[in-house]
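The values are calculated or read from the model by the stated rules, or taken from the named source; none is laboratory data. This one's a predicted model, so the numbers in the text were calculated from it and none came from an experiment. Note that we place each Cβ from the backbone using ideal geometry, even for glycine, and neighbour counts take in every protein chain shown. Keep in mind that these areas ignore ligands, DNA and RNA; they rest on the heavy atoms of the full protein, side chains included. Shrake-Rupley method; radii C 1.70, N 1.55, O 1.52, S 1.80 Å.
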Amino acid sequence: MNISNNTVLITGGATGIGFALAKDFIAKNNTVIICGRRAAKLDEAKKTLPQVITYPCDISDANQRRELFGFCATNYPEINVLVNNAGVQREINFLKGEAEYRDGDNEITINLEASIHLTALFVPHFLQRSHAAIVNVTSGLGIVPLRITPVYSATKAGLHSFSISLRQQLNGTPVKVFEIIPPIVDTDLDRGARDKRGQQDKGIQPEMVSKEAIKGMAKDTYEIPVGMVKVLRIGSRIAPNFFLNIINKGGNAKPV
Ligand SMILES: NC(=O)c1ccc[n+]([C@@H]2O[C@H](COP(=O)([O-])OP(=O)(O)OC[C@H]3O[C@@H](n4cnc5c(N)ncnc54)[C@H](OP(=O)(O)O)[C@@H]3O)[C@@H](O)[C@H]2O)c1
């Protein structure tokens with residue numbers, strides 16, 4: 001895919017991996033729109049990256065997702081890339097029952113349903129472009145799940161599966177489907193839970209994820225495992241229990 005002269009929407013683009021992607025896409029001469037719930041984070045992003053277009057939006061709300069599509073299609077009809085990056089991660093202990101499950105953001109709605117619904121909204125528009133892409137950000141935890149983040153891991157496995165089906169459906173159209181599969185990345189994804197449980201491994205920097213992602217997209221590599229996920233992908237097929245045990249041992253898997 002040509003990674004210049006596109007118009008790109010990055011959900012959750014004000015921070016972390018999304019913001020790193022926004023910086024790299026702008027550096028490569030793309031128009032970039034980012035959205036998120038926190039206006040202060042969008043303002044901060046705009047200060048650092050004045051070219052970026054910001055749009056406050058909570059993608060857990062179906063009407064706001066429709067409005068987001070309407071904003072993009074009306075004001076930037078040339079839009080041709082959707083990056084489903086926004087995500088949340090929660091530790092949920094099912095031994096504590098329903099209250100624990102309900103107490104916080106709905107990971108299924110934000111990580112999975114919103115990405116699928118936004119795809120449904122944007123695909124017909126993208127079919128009118130000469131080239132376009134849907135880019136889904138999943139996780140190594142979609143390959144080997146982490147005990148303390150069971151719903152998060154399931155949403156990422158679901159988004160991986162959806163990416164495969166979608167790629168098959170859109171085969172022969174101008175719309176390519178990419179999946180970026182990061183390892184642990186040093187961002188605020190879990191709102192400080194890693195620090196609280198004393199996790200030493202803070203992961204790679206979001207800029208490294210973006211660099212590998214853009215390099216992969218430029219080469220039409222549709223599944224882009226980043227860093228140690230390359231090993232995890234192959235290793236977990238050969239010795240699934242070995243990798244399940246490694247991931248679920250030590251500081252990474254100790255509940256807060
Ligand atoms: N960090 C890691 O270790 C890691 C590893 C593998 C995959 N990933 C994936 O990478 C993606 C980006 O995460 P990150 O690590 O860069 O963490 P991050 O900095 O916390 O980024 C997540 C972004 O999503 C936005 N967001 C969350 N809920 C939203 C909602 N309802 N509506 C709109 N925006 C929403 C957040 O902004 P607001 O809170 O302001 O809405 C935030 O900007 C996620 O899909 C995550 O699952 C991360």
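Using a 1.4 angstrom probe, figure out how much accessible area region 7-253 has per residue, in square angstrom, rounded to the nearest whole. Walk me through the numbers before you get to the answer.
Working: 11370 Å² over 247 residues.
Roughly 46 Å² per residue, with all protein chains present.
I'd like the isolated cysteines in the chain, meaning no second cysteine's beta-carbon lies under 4.7 angstrom from theirs.
By the Cβ distance rule, which asks for a partner under 4.7 Å, the isolated cysteines are C72.
Counting Lys and Arg as +1 and Asp and Glu as -1, what is the net charge of the other residues whose Cβ lies under 13 Å from the Cβ of T173?
Cβ neighbours under 13 Å give a net charge of +3.
What is the set of long-range amide H partners of V226 at a cut-off below 5 Å, with H atoms built 1.01 Å from backbone N?
For V226, whose amide H was placed from the backbone, the distant partners under 5 Å are I181.
Summing Lys, Arg as +1 and Asp, Glu as -1, what charge do residues with Cβ under 11 Å from the Cβ of V137 carry, V137 excluded?
For residues surrounding V137, the net value is 0.
Quick check for you: which residues of region 6-25 have the amide N under 17 Å from the point 7 Å beyond the Cα of Q205 toward its beta carbon?
15-25
Nearest 0.05, what FRET efficiency do D58 and I234 give at R0 = 45 Å with Cβ-Cβ as r? List each step's numbers first, then the result.
On the way: r = 38 Å, r/R0 = 0.84.
Working from the Cβ atoms, E equals 0.75.
5 Å is the cut-off here: which amide hydrogens, built 1.01 Å from N in the peptide plane, fall below it relative to T54, excluding neighbours closer than 5 in sequence?
Amide H neighbours of T54, under 5 Å, 5+ apart: I34.
How high is the FRET efficiency between E78 and A218 when r is their beta carbon distance and R₀ equals 25 Å, given to the nearest 0.05? Numbers along the way, then the final one.
Working: r = 20 Å, r/R0 = 0.79.
E(calc), rounded to 0.05, equals 0.80.
Using 5 Å bins from zero, what percent of all Cα-Cα pairs in region 7-253 falls into each bin?
1, 6, 13, 18, 20, 18, 12, 7, 3, 1, 0
So which lysines pass the test for K215, namely a Cα distance under 17 Å, with those fewer than 8 places away in the same chain ruled out?
K23, K28, K176, K230
Roll a 1.4 angstrom probe over the protein heavy atoms and tell me the percent of accessible area of region 7-253 that is carbon or sulfur.
Heavy-atom surface of region 7-253 belonging to carbon and sulfur, 1.4 Å probe: 55 percent.
Where does the chain land at 222 nm, in deg cm²/dmol rounded to the nearest 500, when only DSSP H runs of n ≥ 4 count, each adding -39500 (n - 2.57), divided by all residues? It would help to have the intermediate numbers written out before the result.
Working: 10 runs with 109 residues, N = 256.
The helix contribution divided over the chain gives -13000 deg cm²/dmol.
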